[in-house]
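The values are calculated or read from the model by the stated rules, or taken from the named source; none is laboratory data. Only a predicted model underlies this, so the values are computations on that prediction, with no experimental measurement involved. Methodologically, a virtual Cβ is constructed for each residue, glycine included, from the backbone with ideal geometry; neighbour enumeration extends over all protein chains shown. All accessible areas refer to the heavy atoms of the entire protein, side chains included, with ligands and DNA or RNA removed. Shrake-Rupley method; radii C 1.70, N 1.55, O 1.52, S 1.80 Å.
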Amino acid sequence: MTRLDPQPWMNAPQTRRLLAALGEARFVGGAVRNALLGKPVADVDIATPLTPDAVQKKLAAAGINVVPTGIDHGTVTAVVDGKPFEVTTLRRDVETDGRHAVVRFTTDWAEDARRRDFTMNALYADASGEVFDFVDGVEDLKAGRVRFVGDAATRICEDYLRILRLFRFHAWYGQGEIDAAALRAAAAEKTGIAKLSGERIAKEMLRLLEAETPAPVLRLMAASGILAEALPGELGIARLERLAEIDAANFFPPDALLRLAALLPHDAKAAAQVAERWKLSNAARTRLEDLAGANEKIASYLSIREVRKLLYRLGAQPFKDRLFLKWAEDSKAAMQWRALLAMADAWKRPRFPLTGRDVMLAGVPEGPLVGRVLGEVEDWWVDSDFTDDEFSLAERLKAVVQAVVY
Ligand code: ATP
Ligand code: MG
């Protein structure tokens with residue numbers, strides 16, 4: 001019998017309260033898998049033989065807030081003292097079309113295990129930590145084998161997202177070669193990826209990119225023609241690989257979007273297309289497009305003055321993003337790059353001391369000319385390394401006004 005070591009998330013008061021309210025319920029999926037590996041657990045998913053109706057009644061009776069987030073598939077989100085948990089009724093999939101499923105609820109744990117994707121994701125644990133394994137998932141997990149529950153080709157055709165999940169989980173938990181049958185089935189069915197919604201593709205791919213070493217798996221996907229289905233175009237896997245190495249060497253937390261930027265070509269249009277297909281947020285799209293079109297000269301040997309100028313023009317985050325991408329192209333100068341990064345982190349945006357009012361007081365009538373004059377003086381001020389000498393600033397303003405107005 002396998003038993004989980006005591007886990008902080010298992011003994012958290014919210015978790016205890018939720019399990020007590022439900023009665024029959026077990027932990028499932030990522031939480032159990034990661035606990036067995038001694039890895040951090042982000043969210044705690046719960047499986048239960050209770051119907052969604054019964055779940056809602058029991059939780060309401062216990063004063064726990066319930067949101068019917070995926071009620072068609074038997075999932076509700078229970079919010080216990082501010083902490084959300086997904087509670088899903090045991091089920092099997094009766095009809096599938098490659099992206100959706102019609103489900104039937106069941107009270108059979110083994111049946112629920114068989115509808116899950118990989119054996120390492122089909123593990124359950126009860127409140128005492130006892131693990132229930134219907135598919136030899138513990139053994140696969142320990143061996144680093146990402147293996148489909150059942151026949152790989154069949155499971156992929158039920159939901160093509162499982163192709164991407166195969167590579168995502170292999171990148172995170174796989175050891176040695178990827179499962180050959182799974183790879184073959186994934187390659188054979190790769191065109192199914194086109195049927196998936198952009199949001200689902202994005203979620204899996206960004207999680208994949210967050211793995212400690214995503215590059216080997218991406219190469220595998222590229223070689224089998226699968227990567228092009230999710231991410232068309234010329235990709236810089238080598239650049240992404242070096243960015244991941246920089247993260248690992250410096251204990252930087254992975255930034256999935258920045259890694260995607262490292263992978264994409266230097267072409268704002270291509271970035272926009274990916275953002276469109278993946279239905280990324282406007283903020284994410286803007287960041288990707290901006291980086292793909294960037295052409296500032298950023299080098300490890302920049303002077304402090306040049307760095308300040310770039311920081312002022314770009315802002316700290318866009319500067320750091322560019323810095324990381326350049327660092328990934330020139331990883332030899334790690335010390336210098338780290339110094340530039342520290343400067344960006346410590347940087348406080350200086351405030352340009354003049355306003356439109358000062359320009360008007362200097363004799364410029366209200367109108368578009370005010371902004372132009374202000375911009376000219378600001379350019380000079382930036383070039384002066386942000387002088388705080390009020391006298392020279394006033395002199396400059398006077399000179400610009402003279403040139404522009406008279
Ligand atoms: P993570 O720690 O990255 O969240 P996870 O295992 O919790 O990993 P989720 O995507 O959150 O992954 O899914 C939760 C569980 O639901 C999985 O462990 C798996 O059992 C099941 N699951 C999710 N998506 C699918 C799918 N497309 N097909 C079959 N089972 C799935
Ligand atoms: Mg999860």
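Data table
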quantity: Selected residue (criterion: nearest to ligand 1 (Cβ to nearest atom)) from residues of the stretch 14-54 that are of a type in the set (Val, Ile, Thr) and open to solvent by less than 20 Å² (accessible area, probe 1.4 Å); calculated: Val28
quantity: Residue count for the stretch 234-247, restricted to those that are open to solvent by 50 Å² or more (accessible area, probe 1.4 Å) and free of Cβ contacts under 8 Å to residues at least 40 places away in the same chain; calculated: 2
quantity: Some residue of the stretch 327-340 being small (Gly, Ala, Ser) and in contact with an Asp or Glu (Cβ under 8 Å, 6 or more places away or on another chain); calculated: yes
quantity: Members of the stretch 367-386 that are farther than 21 Å from Gly315 by Cβ and open to solvent by less than 70 Å² (accessible area, probe 1.4 Å); calculated: Gly367, Leu369, Val370, Val373
quantity: Top-ranked residue in the stretch 217-231 [being without any contact (Cβ under 8 Å) to a residue 12 or more places away in the chain and under 15 Å from Leu263 (Cβ atoms); ranked as most open to solvent (accessible area, probe 1.4 Å)]; calculated: Ala228
quantity: Pair list, Cβ under 6 Å, 6 or more apart: the stretch 28-45 residue touching a residue at least 60 places away in the same chain (Cβ under 8 Å), other residue near ligand 1 (Cβ under 6 Å from one of its atoms); calculated: Val28/Asp45; Gly29/Asp45; Gly29/Asn121
quantity: The stretch 172-185, residues that are in contact (Cβ under 8 Å) with a residue 24 or more places away in the chain and on the phi < 0 side of the Ramachandran plot; calculated: Trp172, Tyr173, Gly174, Gln175, Ile178, Asp179, Ala181, Ala182, Leu183, Arg184, Ala185
quantity: Which numbered condition Met120 misses (of (1) within 16 Å of ligand 2 (Cβ to nearest atom); (2) open to solvent by 60 Å² or more (accessible area, probe 1.4 Å)); calculated: (2)
quantity: Options Ala35, Ala110, Ala42: the member that is at pLDDT below 95 and small (Gly, Ala, Ser); calculated: Ala42
quantity: Pair list, Cβ < 8 Å and 6+ apart or interchain, from the stretch 159-171 residues that are farther than 8 Å from Ala186 by Cβ and assigned to a helix (DSSP H, G or I) to residues that are among the hydroxyl-bearing types (Ser, Thr, Tyr) and more than 15 Å from ligand 2 (Cβ to nearest atom); calculated: Ala171/Thr213
quantity: Answer from Pro68, Pro84 - the residue that is over 27 Å from Gly174 (Cα atoms), part of a strand (DSSP E or B) and within 13 Å of ligand 2 (Cβ to nearest atom); calculated: Pro84
quantity: Residues of the stretch 153-165 classified as of a type in the set (A, V, I, L, M, F, W, C) and either surrounded by fewer than 24 Cβ atoms within 10 Å (Cβ to Cβ) or within 16 Å of ligand 2 (Cβ to nearest atom) (or both), total; calculated: 4
quantity: Residue check, Arg104 open to solvent by 70 Å² or more (accessible area, probe 1.4 Å), of a type in the set (Lys, Arg), more than 16 Å from ligand 2 (Cβ to nearest atom) and assigned to a loop (DSSP other than H, G, I, E, B); calculated: no
quantity: Failed criterion for Glu210 (all others in (1) touching a Pro at 6+ places or on another chain (Cβ under 7 Å); (2) of a type outside the set (Lys, Arg); (3) without any contact (Cβ under 8 Å) to a residue 24 or more places away in the chain hold); calculated: (3)
quantity: Pairs where the first residue, in the stretch 379-406, is within 25 Å of Arg349 (Cα to Cα) and the second is in a loop (DSSP other than H, G, I, E, B), C-beta under 6 Å, 6+ apart; calculated: Phe386/Pro350; Leu397/Ala362
quantity: Residue check, Arg99 within 28 Å of Pro232 (Cα to Cα), within 14 Å of ligand 1 (Cβ to nearest atom), open to solvent by 10 Å² or more (accessible area, probe 1.4 Å) and in the same structural domain as Ala54 (by TED's automatic domain parsing); calculated: yes
quantity: Selected residue (only one of Arg104, Arg155 is of a type outside the set (S, T, N, Q), within 14 Å of ligand 1 (Cβ to nearest atom) and under 26 Å from Leu196 (Cα atoms)); calculated: Arg155
quantity: Wholly enclosed helices (runs of 4 or more DSSP H) of the stretch 294-353 bearing at least 2 residues surrounded by 18 or more Cβ atoms within 10 Å (Cβ to Cβ) and without any contact (Cβ under 8 Å) to a residue 24 or more places away in the chain; calculated: 304-314
quantity: Any hit, the stretch 167-174, residues being of a type in the set (A, V, I, L, M, F, W, C) and open to solvent by 50 Å² or more (accessible area, probe 1.4 Å); calculated: yes
